[in-house]
Amino acid sequence: MTENELLGYACEQFLGKSVVEIKSVILQTLEGHLRAILGTLTVEQIYQDRDKFATLVREVAAPDVGRMGIEILSFTIKDVYDKVEYLSSLGKTQTAAVQRDADIGVAEAERDAGIREAECKKEMMDVKFLADTKMADSKRELEMQKAAFNQEVNTKKAEAQLAYELQAAKEQQKIRLEEIEIEVVQRKKQITIEEKEIDRTDKELIATVKRPAEAEAYKMQQLAEGQKTKKVLTAQAEAEKIRFIGEAEAASIEAVGKAEAEKMRMKAEAYQQYGDAAKTALVLEALPKIAAKVAAPLARTNEIVILSGEGNRVTGEVTRLLAELPVSVNALTGVDLTKMPLLQKMVTPQCQTAM
C-alpha cells in the first residue's frame, strides 16, 4: 500500500527480510485464515461454491494483511481435494445424476427439437414468405428511394454546381474588384507621379525656356522700343526735313510762279503792244515743234511707196497736205495763216522746196 501509515507498518514488519521470508509470512497468514473459514463451511459448500469461499477469505484476511501494509488485490482457489476421495464420490453421484438428467434432457430436447423444428420450418416458411414479400417491397421501395435519392442527389449536385459557379463568379468578381482597386491605386499613384513630373517639367521649362524666353522677349521688347523710338525720331526728323523742303519748294514754286506770271504778264503786254507781229512770232516758235511731232514717225520710215495709176498723183498728195496745214495750225493755235501775208510768203517757198 502507498499510504504513509501503512508503509510504516510494512517497514516495521518486513524491513531487513528477504522476499522469500516476506512471501512465507503472508502465506502462513492466509493459510491460518483459510483453516478458520474451512471450519465454518460444509464440504459441499466448499466444493460447489468456490467463489464464495474465495470472497470470504479476502474479507477475513484483508484486515490482518492490511495491518502489515499489504493489500490483497486478487485471491483465487485453484483446486479443492482430499485424501479419502470424499470429494470424488460426491462428484460421481453428481456425475450420474447429471448423466441421467442429461439423457432425459436429450430425449426431451430431441422431442422438443422435432416439434420445434416443425414449428421452426413453418415459421421459417412464413418468415421466408414474409421476407420475400418484404424483400420485394423493400426492393421496390429501395428502387423508389434510389430514384428519389438520385433525383435529390442530382438536384443537390446541380444546386451545388450552381452554388459553386455562383460562388466562383462572386470570388472572381471580388478578385476583379480587388484588381480594379489595385489598378485604381496604381493609376492614382501614376497620376500623382505624372502630376509631379508635370510640375517638375513645368518648373524645368520655366527655368530653361520661359525665363530665358521672357528675358529674350524683354530684350526684344526693349530693342523694339528702341527701334521704334529711333524710327519715330527718324520719321519726325524726316518729316521735319520734308516739311522744310516742301516749304522751300513751295516758296521756290511760288517764286517761279510769280516769275512765270510776271513773264506771262510782260508777254501779254508785249503781245498787246506788238499785235500781229507777236502772234506771228508765237506761230513761228510753235511751227518747229509741230514739224518735229509730225516728222517723228517719218524719221523712223526708211521708204514710202505711194501706189497710184497717175504720174502726177504724188505731187497732188503733197499739195493737199500743205494745203491742210494752215487749217491744222488754226485749230491748234487759233492763228489763221491765210490772213498773214508775211507768213504766206515764208511758207510758200518752203513748200515748193519740199515738193
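Average accessible surface for the stretch 49-149: 79 Å² per residue, computed with a 1.4 Å probe over protein heavy atoms with every protein chain in place. Note on K189: aspartates and glutamates with a C-alpha under 14 Å away, same-chain residues under 8 apart excluded, are E181, E197.
If R0 equals 35 Å, the separation of the Cβ atoms of K121 and A96 corresponds to a calculated FRET efficiency of about 0.45. A straight Cα-to-Cα reach below 24 Å connects K230 with the lysines K219, K241, residues fewer than 8 places away in its own chain not being considered.
Excluding same-chain neighbours fewer than eight residues apart, the aspartates and glutamates reachable from K174 by a Cα-Cα span under 18 Å are E165, E183. On full extension, the segment bounded by K241 and Y9 gains 67.8 nm, given 0.36 nm per residue less the C-alpha separation.
Near A148: Cβ cut-off under 13 Å, other residues only, Lys/Arg at +1 and Asp/Glu at -1. The net charge is 0. For S89, the shell of other residues with beta-carbons less than 15 Å away shows a net charge of -1, using +1 for Lys and Arg and -1 for Asp and Glu.
Between V184 and Y164, the FRET efficiency from the beta-carbon distance, with R0 = 41 Å, is close to 0.90.
Within the P(r) computed for the stretch 88-196, what percentage of the Cα pairs occupies the region above 18 Å? So the pairs more than 18 Å apart make up 79 percent of the total in the stretch 88-196.
The values are calculated or read from the model by the stated rules, or taken from the named source; none is laboratory data. Computed from a predicted structure; not experimentally measured. Cβ atoms come from the backbone with ideal geometry, glycine included; neighbour counts cover every protein chain shown. Side chains included, ligands, DNA and RNA excluded: accessible areas come from the protein's heavy atoms. Shrake-Rupley method; radii C 1.70, N 1.55, O 1.52, S 1.80 Å.
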